[in-house]
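The values are calculated or read from the model by the stated rules, or taken from the named source; none is laboratory data. Every value quoted in this text rests on a predicted model; they were computed, and no experiment measured them. Cβ atoms come from the backbone with ideal geometry, glycine included; neighbour counts cover every protein chain shown. All accessible areas refer to the heavy atoms of the entire protein, side chains included, with ligands and DNA or RNA removed. Shrake-Rupley method; radii C 1.70, N 1.55, O 1.52, S 1.80 Å.
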Amino acid sequence: MVEHGNHRDESRRRTRTRFAPSPTGLLHLGNLRTALFNALLARRDGGDFVLRIEDTDVQRLHPESVQRLGEDLRWLGLEWQEGPEVEGSHGPYVQSARQAIYADYYVQLEAADLAYPCFCTEQELERSRRAQRVAGKAPRYAGTCAHLSMAERQARLDRGLQPTLRFRVPRGRSIAFEDRVRGVQRFATDDIGDFIIRRASSAPAFFFSNAVDDALMDITHVLRGEDHLTNTPRQLLLLEALGLDAPSYGHISMIVGDDGAPLSKRNGSRSVGELREAGFLPEAVLNHLARLGHAFEDNTLLGLDRLANGFALERLGRAPARFDAGQLTHWQREALHALSHERMAEWVVWAAGDMLPAQQRDAFIATVRENVQFPEDVRRWCRVLFQGVPEPDAETLGWLTEAGPAFFQAAAEAGGDWPAVTAAVNAATGVKGKRLFMPLRLALTGLPHGPELPAIHALLGATEAQRRFRLAARRAAAAATQ
Ligand code: GLU
């Protein structure tokens with residue numbers, strides 16, 4: 001077995017990780033978690049987190065998604081130390097601007113006969129793959145163009161054919177590497193066909209630009225999805241042929257939905273933008289994602305620094321990580337709870353839109369703070385507190401009827417503060433405990449649960465509270481006569 005030898009001694013290198021998205025759409029939870037793990041590793045080691053845009057697949061490029069991606073990362077606090085808008089010494093950080101750099105490496109490989117032009121058409125390749133499948137073999141490039149003479153190549157070029165460039169995979173070797181998550185991995189090069197490193201359009205293929213850029217950008221660790229695991233031996237071979245250093249790779253498990261299927265729209269995956277629109281706080285998203293496939297000792301809400309300190313490659317799990325909407329909601333609750341007054345105010349004002357009177361803002365926040373998790377909760381409490389009690393449902397009406405009109409008359413006539421109200425009702429009716437507080441709560445809010453009653457009463461003000469008690473008295477009286 002030939003061990004793969006071109007890893008640098010990483011113990012003496014500054015940690016550099018990267019997030020290398022292809023900007024083909026919105027940033028979803030899966031790639032966001034990849035970004036997060038890489039960012040945490042760099043942060044823990046006081047190293048650099050690099051953002052590189054892999055946009056060589058031009059047909060699928062959405063320019064606006066590059067910008068969105070940056071906004072999404074920044075919303076989560078995942079600032080990059082080098083990358084678009086943060087130029088450093090390893091740029092450019094957008095692959096479409098690196099063609100000239102790649103050109104030198106193609107020349108180097110061709111000169112050493114480690115790469116060759118391939119003139120096979122897509123139809124020819126498909127025919128060959130089909131034949132291999134029929135023969136019960138795993139399809140790989142049959143090597144049709146691997147040994148063309150100069151004259152044969154020239155003849156094809158003269159016919160106007162646009163070749164791709166293929167890497168000549170060495171035969172009869174075993175390639176092994178230590179995956180930082182999955183342990184030692186071994187692959188036989190005989191199972192790997194010569195692969196394309198430059199397309200006919202002259203754009204670099206993923207295998208090539210991704211590996212070359214990791215080396216040129218001095219990346220020490222690559223954490224990426226396990227769907228890339230089988231790409232790694234190819235990339236190690238390429239780097240070895242180019243005499244470039246390979247990073248240390250770790251392939252992280254995929255995220256599955258609560259039905260066990262890969263995370264998709266159907267079972268709960270959402271884009272960062274959708275989560276933000278739904279009112280999730282970045283801290284909540286971070287804390288849930290960080291724990292998807294990584295175990296932390298500390299189960300409290302952690303900021304980025306503490307997440308980074310608790311992050312360890314050894315703690316990354318191999319089993320698929322299960323996305324759990326309930327967990328995300330749990331972190332949302334924790335995150336709201338921990339929010340500073342200023343940020344809470346910002347979030348509440350955003351969520352309330354025009355439903356929250358400015359002069360009531362602080363009292364409203366103090367009152368409902370522990371009772372809101374999502375924007376619709378904020379809006380519900382705005383409606384209840386500033387627009388009026390909802391129509392009673394059967395259960396509410398039952399409570400109002402049982403308490404009876406005299407109960408609410410007493411509450412309305414008490415005036416003054418909350419203790420005066422409860423004292424007056426108790427004196428008039430003799431009820432206490434739940435039979436005292438539930439009808440009062442329902443009269444004031446129409447809802448069986450919610451913030452502390454004294455706070456609600458103070459926020460409504462004595463006059464509005466009296467109005468609501470009288471309304472409850474009328475409803476109780478009307479229900480009794482039916
Ligand atoms: N552009 C690749 C992707 O988005 C990067 C894979 C990697 O991290 O190496 O899948």
May I ask you to give the solvent-accessible area per residue for the stretch 47-140, in square angstrom, as obtained with a 1.4 angstrom probe? 54 Å²
Percent breakdown of C-alpha pair distances by 20 Å bin, ordered from the shortest bin, for the chain: 19, 38, 22, 14, 5, 0
Take the solvent-accessible surface of the protein heavy atoms, probe 1.4 Å, and return the percent of it on the stretch 289-344 that carbon and sulfur atoms account for. 48 percent
Name the trypsin sites (Lys or Arg not before Pro) in the stretch 163-193 that are in a loop by DSSP and that have at most 13 other C-beta atoms within 10 Å, would you? Arg171
Average Cα contact separation per residue, the chain, under 8 Å, 6 or more apart, as relative contact order %: 13 percent
Arrange the peptides 285-297, 28-40 so that the one whose residues have, on average, the most other Cβ atoms within 10 Å appears first. 28-40, 285-297
Which FRET efficiency value, to the nearest 0.05, is calculated for Ala427 and Asp324 with the Förster distance at 41 angstrom and r the Cβ-Cβ distance? 0.20
To the nearest 10 Å², what's Lys432's accessible area with a 1.4 Å probe? 150 Å²
Calculated on alpha-carbon atoms, Rg and Dmax of the stretch 233-343 in Å: 17.3, 57
Summing -39500 (n - 2.57) over every DSSP H run of at least 4 in the chain, dividing by its residue total and rounding to the nearest 500, the 222 nm mean residue ellipticity is -14000 deg cm²/dmol
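How big is Rg to Rh over the stretch 417-482, alpha-carbon atoms, Rh as the Kirkwood inverse-mean-distance radius?
Across the stretch 417-482, the Cα-based Rg/Rh ratio is 0.95.
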In whole Å, largest first, what are the principal axis extents of the Cα atoms in the stretch 41-124? 47, 29, 21
Determine how large the accessible area of His341 is when every protein chain is in place; take a 1.4 Å probe and give Å² rounded to the nearest 10. 80 Å²
Descending packing, highest mean Cβ count within 10 Å first, for 243-255, 378-390 is 243-255, 378-390
Leaving out ligands, DNA and RNA but keeping every protein chain, what accessible area does Thr230 have, in Å² rounded to the nearest 10, with a 1.4 Å probe? 70 Å²
Taking the C-alpha atoms of the stretch 135-276, how large are the radius of gyration and the largest Cα-Cα span, Dmax, in Å? 18.9, 60
Hey, how many Å between the Cα centroid of the stretch 350-413 and the Cα centroid of the stretch 433-464? 8 Å
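How high is the FRET efficiency between Gln154 and Glu124 when r is their beta carbon distance and R₀ equals 30 Å, given to the nearest 0.05?
Step by step, r from the Cβ atoms, then E = 0.95.
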Once you have the Cα-Cα distance between Glu391 and Ala261, take 0.36 nm times their residue separation minus that, and quote the gain in nm to one decimal. 42.5 nm
Reachable lysines from Lys265, Cα under 21 Å, same-chain residues fewer than 8 places away excluded? none
Any aspartates and glutamates whose Cα falls less than 19 Å from that of Lys137, other than same-chain ones fewer than 8 residues away, would be Glu124, Glu126, Asp190, Asp191, Asp194
